[in-house]
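What follows is a short report on a single structure.
The values are calculated or read from the model by the stated rules, or taken from the named source; none is laboratory data. None of the values given here were measured: they were computed from a predicted structure. Cβ: placed from backbone, ideal geometry, glycine included. Neighbour counts: every protein chain shown. Just so you know, the surface numbers come from the protein's heavy atoms only, side chains and all, with ligands and any DNA or RNA stripped out. Shrake-Rupley method; radii C 1.70, N 1.55, O 1.52, S 1.80 Å.
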Amino acid sequence: MLTNYVYKLRPNITQSTKLSSWLDMLRSTYNWSLADRIAQYNQQFIQGEYCDIRTRSEACPLTCFVSKNGASGEPWKDVKVGKDGKDKNPRRSAGDIQITALPDLKKARPWFAEIDSTVLQQNVKRLDTAYKNFFEGRGFPKFKNRSNFTSFTFQMGVKVQSSKIYLPKLGWMRFFNSRLIPNGFTIKAATVRKRQDGWYVSIRIEDKAIPSYASKPLDEVNSILGCDLGITKLVHLSDRHQIDNPKFSTNKKSKRTLKIRQRRVSKKVKGSKNRKKAANNLGRFHKKTVDKRTAYQWHVANKIVSRKVDAIALEDLNVSGMMRRCKIKVDEKTGRFLKNGQSRKKGLNRAISDASWGELILKIQYLAAKLGKVVIKINPKHSSQECRKCKHVDKSNRDGEKFICTQCGDHEHADIGAAKTIRDRGFEIVRGDSAKLAARQLNAQKILPRSMSKRGEFGNLSNQDIKIVKS
């Protein structure tokens, strides 16, 4: 079993200076490796005639070693003899080429020899991971700056004794031993990260004697808890309970504090020590907000997973798509830009970012795996607009937190009804009725005008908070 423990480091002045200089050198190495791969890509796919600009040697694209993620260097390993007695000369990937060039880098720039070799290798593998994500459909790797390059990884040589940790080329360093490593676990890797209030280390430990967590098979799932994520309330559960959303960074006090500290930074002279102090105070406030949100999300995830159910149904949300900017509207006659609602959507985007649904879903998945429970991702389309009684889908069914079906008149709390719909869709997946669910979503019923009959105002039908249940 693999797991991670995070501790705060207590480096002395010399070690702290070394850590900062390592970050700068590793960032420059990362950016150089990325520029090298981009240059090799451009040489083949844009210029096309040359394998190397310096030598101007022509090469056929079929035999040239330059590829989409190629790198400058020798693409083939040294000739080796295989078991069959034949020469074995495999072709290397771009990451292997750049890792092989690291000794030459240390000779050309001796100060890079101060960095542990595994740290330099993991830095190149970090770029490999970024390229792999790109070819799987995510964003292209970007050049790093001081704000988004704040960590590096040791692959071996890390030791822990009481409240001291040994990091290669850095020596023994004190840390806050806030959580003892269990007996039988061995250290596999350690990632050092710089945050606003100091340095932290994340230790990956493993015990092969303990089996990995195994979730329950779908055939044995008898009860499911549906979860609908929101902003007014963070989570609505299908058992009619709701969990509050504290809005750590969008409440009145936080917005005022953030505004004041940002103003102090902007009024200081650029490059001055006072500006650095003000920026540090601003960063500490952001970190404090993140820590509060993280602690609360772990509390919420524990409360959800501790329910006596076999599976948890969650919305499969495209959060980045929900926060995308509105389409631009242009007047055809004058060519001027028209209002597209982006100024109003800005507040919604901030609220979605503050809720941090993606992080909460990851925590629920992690804790559910530890307890052997199943997490089912559900398509949330029309979950709050579909009537659970007659299956009628209509946008006008929902009015704020109220749900009143325009066809059958059924009414309930809109978000709790959505959580129940998500739970029902989870049962359909478990029972193998996902095909019927997809057909019903495609063949949505005809949208009818909203009924004008007089009905009572239905407020929050289940204003129960998880803290009340706990008490």
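Computed values, structure above
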{"read-out": "Selection within the range 169-196 - open to solvent by 90 Å² or more (accessible area, probe 1.4 Å) and under 19 Å from the mean Cα position of the chain (by Cα)", "value": "Arg193, Lys194"}
{"read-out": "Subset tally (residues that are surrounded by 16 or more Cβ atoms within 10 Å (Cβ to Cβ), in contact (Cβ under 8 Å) with a residue 60 or more places away in the chain and under 16 Å from Ser147 (Cα atoms)) for the range 263-293", "value": "1"}
{"read-out": "Criterion (open to solvent by less than 40 Å² (accessible area, probe 1.4 Å) and not aliphatic (A, V, I, L, M)) met by exactly one of Tyr131, Tyr166", "value": "Tyr131"}
{"read-out": "Pick from the range 301-331, criterion within 17 Å of Gly358 (Cβ to Cβ) and without any contact (Cβ under 8 Å) to a residue 12 or more places away in the chain, ranking: least open to solvent (accessible area, probe 1.4 Å)", "value": "Gly321"}
{"read-out": "Enumeration of residues in the range 376-409 that are open to solvent by less than 20 Å² (accessible area, probe 1.4 Å), closer than 29 Å to Lys216 by Cβ and charged (D, E, K, R)", "value": "Glu386"}
{"read-out": "Candidate set from the range 356-392 (those that are touching a Lys or Arg at 6+ places or on another chain (Cβ under 8 Å) and hydrophobic (A, V, I, L, M, F, W, C)); member that is nearest to Gly230 (Cα to Cα)", "value": "Ile378"}
{"read-out": "Which numbered condition Ala39 misses (of (1) surrounded by 13 or more Cβ atoms within 10 Å (Cβ to Cβ); (2) under 28 Å from the mean Cα position of the chain (by Cα); (3) modelled with pLDDT of 80 or more)", "value": "(2)"}
{"read-out": "Selection within the range 265-317 - β-branched (Val, Ile, Thr) and farther than 30 Å from Ile429 by Cα", "value": "Val265, Val269, Thr289, Val290, Thr294"}
{"read-out": "Val300 vs. criteria in a loop (DSSP other than H, G, I, E, B), within 17 Å of Leu225 (Cα to Cα) and hydrophobic (A, V, I, L, M, F, W, C)", "value": "no"}
{"read-out": "Flag for Phe427 being among the aromatic types (Phe, Trp, Tyr), closer than 23 Å to Arg240 by Cβ and assigned to a helix (DSSP H, G or I)", "value": "yes"}
{"read-out": "Test: residue in the range 102-120 that is more than 16 Å from Arg27 (Cα to Cα) and either touching a Gly at 6+ places or on another chain (Cβ under 7 Å) or open to solvent by 90 Å² or more (accessible area, probe 1.4 Å) (or both)", "value": "yes"}
{"read-out": "Candidate set: the range 229-255, residues that are of a type in the set (Lys, Arg) and open to solvent by 40 Å² or more (accessible area, probe 1.4 Å); chosen: the one nearest to the chain's Cα centre (by Cα)", "value": "Lys247"}
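Okay, residues lined up against (1) more than 24 Å from Asn349 (Cα to Cα); (2) modelled with pLDDT of 95 or more; (3) over 17 Å from the mean Cα position of the chain (by Cα); (4) not in a helix (DSSP H, G or I):
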position	(1), (2), (3), (4)
Arg284	no, no, yes, no
Val290	no, no, no, no
Thr294	no, no, no, no
Val309	yes, no, yes, yes
Ala313	yes, no, yes, yes
Leu317	no, no, no, yes
Gly321	no, no, no, no
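Table: residues versus (1) touching a helix residue (DSSP H, G or I) at 6+ places or on another chain (Cβ under 8 Å); (2) of a type in the set (S, T, N, Q); (3) open to solvent by 20 Å² or more (accessible area, probe 1.4 Å).
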| site | (1), (2), (3) |
| --- | --- |
| Glu136 | no, no, yes |
| Gly139 | yes, no, yes |
| Asn148 | no, yes, yes |
| Val221 | yes, no, no |
